[in-house]
Structures are given as C-alpha cells and as structure tokens.
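First the structure, in the form of structure tokens, and then the observations on it.
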Amino acid sequence: MNGAQNTTTADHVGNPQADGEPAGATATGRPVVLQVLPALLTGGAERGAIDMAAALHQAGGTPLVASAGGPMARELERWRVPHFTLPLESKNPAVMLRNVDRLSRIIREHDVDIVHARSRAPAWSALGAARRTGVPFMTTFHAPYNFDGKLKRFYNSVMAKGDRVIAISEFIRDHILGSYEIDPARIRVIHRGIDINNFSPDRVSPERVIQLAKAWRLPDDHKVVMLPGRLTRWKGQTVLIDALAKLGRRDILCLMVGSDQGRTGYRQELEEQTRRLGLEGVVRLVDHCNDMPAAYMLADVVVSASSDPEAFGRVIVEAQAMGRPVIVTNHGAVRETVIAGETAWAVPPNDADALAEALADALSLDAGQRAVLGDRAMAYVNARFTKDRMCADTLAVYDELMAAKKRT
C-alpha cells in the first residue's frame, strides 16, 4: 500500500498493518468495517462514508473504504484510512462479478467484520463478497429509487437485502417497506447529519462573508434569495424563477448556487426563462460554492423548490442551522427536517403562486422576527440532525451486527 495516499488499486490489495492499523476487531471491540460506494466525487452518500470512517477511527475501530476514487478520497488521508481503488461505479455485469472477487480478497486479507454498501451497483458486488466470506452485510438506503419494471425493481432490491438497512429518513423507510419484501425489524432510521462546528453562525468570520459577497458582486441594498443545489430540473429552479416574476420585486437578488454538472442545456433554459421574464437583474446563476456556511450568511431566505420528494434535504438542514428563514416544498423528508409554520414555510410542489406568497412573507420579517425564527430553527436542527448523532447511531448498528455475529 502507498502509505502516503492510503490507496490501493484493483490489482494490489494494501496492508493497513503496514501503517500501524490492526486487522480484525480491535481491543476496544470496535469492528473492521469496509464501506463500499461507486466513487468519492461529491454528494450525501460520499459525505456520509467519510464522516463514518472518521468516527469509526476515533472510536477505536478500523475503517476501510473501496470506491473508484475521486477528489474526496483525499479526506481519508487525515485519518489514515485505507482506500481501495476498484471499478465499483461500473454497472457492467462482468465487472461487477470481478469486483466480487476483489472485495472478497480485501475482506479476507484485512479480517473485515462488516461490509457496508451505500449504492446499488457496488452493493451487488459487496453482497456477493460478504456472503462468500460469511461477513455481515448492511446498506444505507439514500434515495427512493424509481423502477419501471421487474428488472429495475430487482436491481434496486439489493439495498433492502442488508442484515441491517439504514434509511436516511422516515420517508425512505416508508418507501422501502412499500416497495420491497423486508422485515421491518431490520430497518434503522438514521437521519443524515451536518457538522454544526462548520454550520453555525458564530463559526463564520465576517471576512469570509465579505470575501464571498465581493466575489459575487452583491449590491448592498438588495435582499438575497438563495436556492442551493445542482442545476437539474427536479430541484425546481424554473418554479422559483416563475415565483420571482409573480412577486414583482426588483430590490432582491436570487442566487442559484450549484454546478450544472454538464447540463448546459438546462442552464441555457434557465437563462432564457430569466430573460423572457425580464429578470436579468434579479436572477443570477453562480455555480458551485466552496464556502456554503458563508453563503448562507448572505441569504435573507433559503429556498428548496424540489418538484420530487427529497430523501433528506441537507440544504434545508444546513440553512436552518445557520439561522436562515427557509421555504420548502411540502413532501418527502422535509416534513421531518422542518416544522411547517414554526421553522419554515411549506408550499405545494410546482406551485409558483404559493411560493411567491411565501417569499413575500419571509422577506417581510423584521430583525426581531428573524431572530426568533432563527433560534427556533437552530435548536431544532442541533437536537436532531448533527453529524455526531448520525455517527453514534451508525456505530450502534455496527455493534448490533457484531453482537449478532458472536451469537452465531
């Protein structure tokens, strides 16, 4: 193994013991856990995998991660977590079968106690390897996967085959139970968590906020409406633009913060809609932001206008943790992550009129009202949706599987 990068390839399995990492369950009783996911690019599954690897390391266990790699793999180096580079993003059946052999070798050579899969294609390989080696298999169910036939339903069903299945919200738990044959006793609801050491108003310096405001050339006399999220149709950017036209105000600036990830056609559609409605001075696409805590501090209101139900909705949790007024579409897991009428405005999906009314209400708050709403939202998030709570609950699931393994 390359000790500097803690990375191995598909043809060479690294040895964590060479870097001082123990093999097999440690003296603390914490297990060796191999997390398996397609890649380490960006997203909730990737963030959850890295957060859990760090938490397991800190708890005295041994985390391992296998994926096709990506920029987030560098974050594993801080904790000296071995990363095994395998073509786990592939949906090619032949590659998936070869990945069974590769993962089986890792499991045996590193005395893995639990295999934890976070996405469908790698989960099939991980399931095969876990069953071949007699190791407990678990999954985290991150989304309400669509299916339009028996074959797709079967492909998705691997995420419900874990000895334990983590659902990232009650909404996802209901989806699992309604879509697959599974004993409800195997499901554990563990909401995603955010790092409140980062997403806290008192942790963001004025310099960071000023720097971002200058980079975005924000006028001092405009209120800021923000929709964070990649540019994809179901995130509801077109609905928000329609709502802004109905609102009819020119003293606001709407920032759509997120990459188009190659969806240049959709970006052009948003730009054309903005021009057609005469909102060139109101709507601005600002691409990806590397300092979202500072970005939230610039916002007078944060919007999630998703037309499809969110499996969790990290953006709205982050915004509430920063004390921002938020508007959400009233479906999916946001019914769990906000309290409608107390910490957020909830509107029907794809309803520009209702969204415009909610924007008018949110933008009319005075400083005292904003403070009361912000304190309430921060308290709600800090009690339920922290990274520490998510990691502790997941470690408890690992402990469950280890206890069951000892009984067999």
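The values are calculated or read from the model by the stated rules, or taken from the named source; none is laboratory data. Keep in mind that this is a model prediction, so the values were computed, not measured. Glycine also receives a Cβ, built like all others from the backbone with ideal geometry; neighbour counts cover every protein chain displayed.
Restricting attention to region 164-211, and to residues there that are among the aromatic types (Phe, Trp, Tyr) and in contact (Cβ under 8 Å) with a residue 40 or more places away in the chain, which single residue is surrounded by the fewest Cβ atoms within 10 Å (Cβ to Cβ)?
PHE171
Does VAL328 fit the bill of being part of a strand (DSSP E or B) and in contact with an Asp or Glu (Cβ under 9 Å, 6 or more places away or on another chain)?
Here the answer is yes, as VAL328 does meet what is asked.
In region 73-94, how many residues are modelled with pLDDT under 95 and either of a type in the set (Lys, Arg) or assigned to a strand (DSSP E or B) (or both)?
Count: 3.
Could you list, in sequence order, the residues of region 299-313 that are farther than 19 Å from ALA213 by Cβ and surrounded by fewer than 23 Cβ atoms within 10 Å (Cβ to Cβ)?
Result: SER307, ASP308, PRO309, ALA311.
Which number in (1) touching a strand residue (DSSP E or B) at 6+ places or on another chain (Cβ under 9 Å); (2) of a type in the set (Val, Ile, Thr); (3) within 20 Å of GLY193 (Cα to Cα); (4) at pLDDT below 95 marks the one condition that ILE50 misses?
Looking at each condition in turn, ILE50 falls short on (4).
Looking at (1) under 26 Å from the mean Cα position of the chain (by Cα); (2) touching a residue at least 60 places away in the same chain (Cβ under 8 Å), can you tell me which one ASP375 breaks?
(2)
If you take just the strands (runs of 3 or more DSSP E) that sit entirely in region 131-191, which of them hold at least 1 residues that are within 18 Å of SER119 (Cβ to Cβ) and in the same structural domain as VAL334 (by TED's automatic domain parsing)?
Answer list for region 131-191: none.
List the number of the failed condition for PHE199; all other conditions in (1) within 16 Å of the chain's Cα centre (by Cα); (2) in a helix (DSSP H, G or I) hold.
(2)
Mind checking which residues of region 223-252 are surrounded by 23 or more Cβ atoms within 10 Å (Cβ to Cβ), among the small types (Gly, Ala, Ser) and within 15 Å of LEU279 (Cβ to Cβ)?
ALA243
PRO71 versus (1) out of contact with any helix residue (DSSP H, G or I) (no Cβ under 7 Å at 6 or more places or on another chain); (2) closer than 17 Å to TYR398 by Cβ: which is the lone unmet condition?
Failing condition for PRO71: (2).
Just wondering, is there one or more residues in region 167-188 that are in contact with a Leu (Cβ under 7 Å, 6 or more places away or on another chain), of a type in the set (A, V, I, L, M, F, W, C) and under 25 Å from THR42 (Cβ atoms)?
no
Out of all the residues in region 246-254, is one or more modelled with pLDDT of 95 or more and assigned to a helix (DSSP H, G or I)?
yes
Identify the residue in region 79-98 that is in contact with a Ser or Thr (Cβ under 8 Å, 6 or more places away or on another chain) and touching a residue at least 40 places away in the same chain (Cβ under 8 Å) and, among all such residues, is surrounded by the fewest Cβ atoms within 10 Å (Cβ to Cβ).
GLU89
Does region 269-276 contain any residue that is of a type outside the set (Lys, Arg) and under 23 Å from the mean Cα position of the chain (by Cα)?
Within region 269-276 (the criterion being of a type outside the set (Lys, Arg) and under 23 Å from the mean Cα position of the chain (by Cα)), the answer is no, since none of the residues qualifies.
When you look at THR408, is it buried (at least 20 other Cβ atoms within 10 Å of the Cβ) and either at pLDDT below 95 or not charged (D, E, K, R) (or both), yes or no?
It is false that THR408 is buried (at least 20 other Cβ atoms within 10 Å of the Cβ) and either at pLDDT below 95 or not charged (D, E, K, R) (or both).
Considering region 118-134 alone, what residues qualify as being crowded, with 23+ Cβ neighbours inside 10 Å and over 16 Å from LEU97 (Cβ atoms)?
Result: ARG118, SER119.
Considering only region 107-117, I want to know if a residue exists there that is within 18 Å of the chain's Cα centre (by Cα) and crowded, with 18+ Cβ neighbours inside 10 Å.
Within region 107-117, one or more residues are within 18 Å of the chain's Cα centre (by Cα) and crowded, with 18+ Cβ neighbours inside 10 Å.
Return the residue satisfying two criteria in turn: it lies in region 331-382 and is among the hydroxyl-bearing types (Ser, Thr, Tyr) and assigned to a helix (DSSP H, G or I), and of such residues it is surrounded by the fewest Cβ atoms within 10 Å (Cβ to Cβ).
Here the answer is TYR380.
If you take the residues in region 253-278 that are among the β-branched types (Val, Ile, Thr) and surrounded by 18 or more Cβ atoms within 10 Å (Cβ to Cβ), which one is nearest to GLY332 (Cα to Cα)?
In this case the residue turns out to be VAL257.
Do you know which residues across region 250-299 are touching a residue at least 40 places away in the same chain (Cβ under 8 Å) and of a type in the set (Asp, Glu)?
ASP291
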